[in-house]
Amino acid sequence: MYPDQKKNEGREKNNIKEEEKEKYPVGEVKSEHGKVKKQKKEKDKSPKQNTGDLGLNTLIDQNDSKKKQKKKKENDKKKEKKKEKKAKNKKPNNNDWIDHKAIRIRDHCREPLNMYRTCYERKVDPSNNLVDDQLQLRTPFVQPYIGHDEWMVSDSMHIALSEFADILSDGHVSCKSMIDMEELTLKYLKDNIGNEDTFTPVCLFVKDSAIDSTPIQGFGKIMTSVVLYVDVVFAFKKKFVHEIEHPSRNLQGLRHHHLRLLGRRGVSRRNFGSCCSGRAINSKGAPGSAKCSGVGSNKCTRKVKKNPRSLLNVDSLPDFFEIEFTIVLSSYTEYKPVETRAILDAKNTEDVAVCAVNRYIQINFDLSFSCNVYLDHDCADNEDIHIKEGSGCEANLSSGVPTELRTAMPIHRESEVTLSGYCFMRELTN
């Protein structure tokens with residue numbers, strides 16, 4: 001073919017294409033091959049039908065749908081796992097959540113999970129709608145709510161109950177008695193010390209206990225001392241902590257008698273909480289702790305009685321405000337104490353029980369107190385009873401000669417007693 005003919009044929013083809021473009025809309029092709037392509041595209045866009053003819057596109061679509069289903073199942077499983085995890089970590093303040101395992105551990109006094117065995121659900125917690133604080137019985141061993149303007153403060157003390165008994169005790173405090181004492185003592189402290197603007201007790205845990213019994217010679221009675229070693233947890237307002245720990249910086253915020261009672265150096269929050277608790281627990285006439293001489297009782301005591309409406313649906317116990325602790329225990333527990341004492345900074349629970357029972361007999365029945373017992377059980381640290389230095393008790397003990405130690409009927413304030421033939425001793429009170 002000649003070059004001129006090729007050029008002419010090329011021009012004719014170009015003219016035909018231009019005519020086709022003018023004749024047919026964009027996307028349509030006159031050739032049959034183009035129409036088939038268009039039909040396939042339209043077929044792909046239309047809903048798929050089960051024709052039995054599994055083409056390449058159909059297989060791809062099926063694989064895609066399987067992948068989507070698999071991915072959906074995986075996402076559903078992840079969502080279920082998240083729900084389960086959320087349920088486990090669910091905040092136990094909700095009324096519909098009960099921790100049965102923790103309740104069994106608490107009710108049977110098994111190895112405790114932590115010190116939060118008996119605590120309050122607090123009305124200041126935004127996750128609940130409580131009218132007043134109530135015991136957290138559905139979910140024990142959960143740390144109580146502490147607000148952003150509060151500090152959690154904890155301290156330990158011994159609570160000694162002195163009572164008369166018919167028989168010598170076996171030295172065992174039952175599980176029920178421990179739980180009852182936790183609940184009752186926590187409520188008693190909350191009803192008698194602190195307030196919403198200063199501090200409030202939120203937890204109480206009995207971590208050790210001991211009992212000691214001694215016959216009272218010549219009286220036909222047995223004196224028993226039940227001692228509980230407890231941890232008390234408080235929620236202290238940060239503003240109040242600053243006020244009691246640094247009173248000299250808050251001269252305008254404190255009255256003169258507050259400054260005089262707290263002292264210029266202030267009182268630590270731990271000492272303040274334990275001393276206020278001790279003041280509430282100590283029965284009338286019972287000596288207090290020497291370390292609490294700088295803590296004013298007017299800062300401890302709750303001033304106003306609760307509104308009766310706030311007691312609705314909280315618990316079945318009344319308000320214990322300004323009721324003596326011995327009366328409360330006699331009414332709501334198996335114990336009938338004639339005296340209750342809070343002993344701070346004691347070292348050994350069993351020694352506290354021995355010292356406490358001997359101290360009560362000595363003061364109230366004017367009977368001798370063996371220096372051997374006194375020194376062996378370190379009553380100076382375990383019962384706030386102190387022998388005057390140079391009394392000769394230590395010398396008599398080292399020589400092996402039994403020596404007796406006596407006190408006068410009952411001791412108030414700091415005093416020293418001299419009895420012929422006996423050791424000197426003094427008992428520190430506030």
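Taken as a whole, region 235-249 holds no residue that is modelled with pLDDT of 95 or more and under 25 Å from ASN382 (Cβ atoms). Under the condition of being open to solvent by less than 30 Å² (accessible area, probe 1.4 Å) and free of Cβ contacts under 8 Å to residues at least 60 places away in the same chain, which residue from region 139-150 is farthest from the chain's Cα centre (by Cα)? For region 139-150, the residue satisfying everything is THR139. Return yes or no: is ALA210 under 30 Å from GLN362 (Cα atoms), modelled with pLDDT under 85 and not polar (S, T, N, Q)? No: the conditions fail for ALA210. Look at (1) under 17 Å from the mean Cα position of the chain (by Cα); (2) part of a loop (DSSP other than H, G, I, E, B); (3) surrounded by 15 or more Cβ atoms within 10 Å (Cβ to Cβ) and you find that SER169 fails only one, number (1). Of the candidates GLU414, GLU404, GLU383, GLU427, the single residue that is in contact with a strand residue (DSSP E or B) (Cβ under 8 Å, 6 or more places away or on another chain), closer than 29 Å to ILE327 by Cα, at pLDDT 50 or above and acidic (Asp, Glu) is GLU383.
Annotation: of all residues in region 111-132 being open to solvent by less than 70 Å² (accessible area, probe 1.4 Å), under 17 Å from PHE234 (Cα atoms) and more than 13 Å from the chain's Cα centre (by Cα), the one that is modelled with the highest pLDDT is ASP125.
Considering each residue of region 267-291, count those that are open to solvent by 10 Å² or more (accessible area, probe 1.4 Å) and hydrophobic (A, V, I, L, M, F, W, C), and give that number. Number of matching residues: 4. A search for C-beta distances below 7 Å between a residue of region 361-385 that is touching a residue at least 12 places away in the same chain (Cβ under 8 Å) and any residue that is open to solvent by 40 Å² or more (accessible area, probe 1.4 Å) and assigned to a strand (DSSP E or B), counting only pairs 6+ apart in sequence or on different chains, returns SER368/GLU404; PHE369/GLU404; SER370/GLU404; CYS371/GLU404.
Assuming VAL202 fulfils every condition listed in (1) within 20 Å of TYR116 (Cβ to Cβ); (2) open to solvent by 10 Å² or more (accessible area, probe 1.4 Å) apart from one, which condition is it? Only one criterion is unmet by VAL202, namely (2). Across region 160-206, the number of residues qualifying as within 24 Å of LYS237 (Cβ to Cβ) and not small (Gly, Ala, Ser) comes to 20. All of ASP208, ASP155, ASP231 fail the test of being open to solvent by 60 Å² or more (accessible area, probe 1.4 Å), part of a strand (DSSP E or B), farther than 20 Å from ILE327 by Cα and touching a residue at least 40 places away in the same chain (Cβ under 8 Å), apart from ASP208. Out of all the residues in region 293-307, is one or more under 24 Å from GLU383 (Cα atoms), at pLDDT 85 or above, touching a Lys or Arg at 6+ places or on another chain (Cβ under 7 Å) and part of a helix (DSSP H, G or I)? Yes, some residue in region 293-307 is under 24 Å from GLU383 (Cα atoms), at pLDDT 85 or above, touching a Lys or Arg at 6+ places or on another chain (Cβ under 7 Å) and part of a helix (DSSP H, G or I). Among all residues of region 115-138, there is none that is touching a residue at least 24 places away in the same chain (Cβ under 8 Å), on the phi > 0 side of the Ramachandran plot and not acidic (Asp, Glu).
Filtering region 181-205 to residues that are within 13 Å of the chain's Cα centre (by Cα) and part of a strand (DSSP E or B) leaves THR200, PRO201, VAL202, CYS203, LEU204, PHE205.
The values are calculated or read from the model by the stated rules, or taken from the named source; none is laboratory data. Model, not experiment: these values are computed from the prediction. Because the Cβ atoms are built from the backbone with ideal geometry, glycine has one as well, and the counts that use them run over all protein chains shown. Each accessible area value is taken on the protein alone, full model and side chains, heavy atoms only, with ligands, DNA and RNA left out. Shrake-Rupley method; radii C 1.70, N 1.55, O 1.52, S 1.80 Å.
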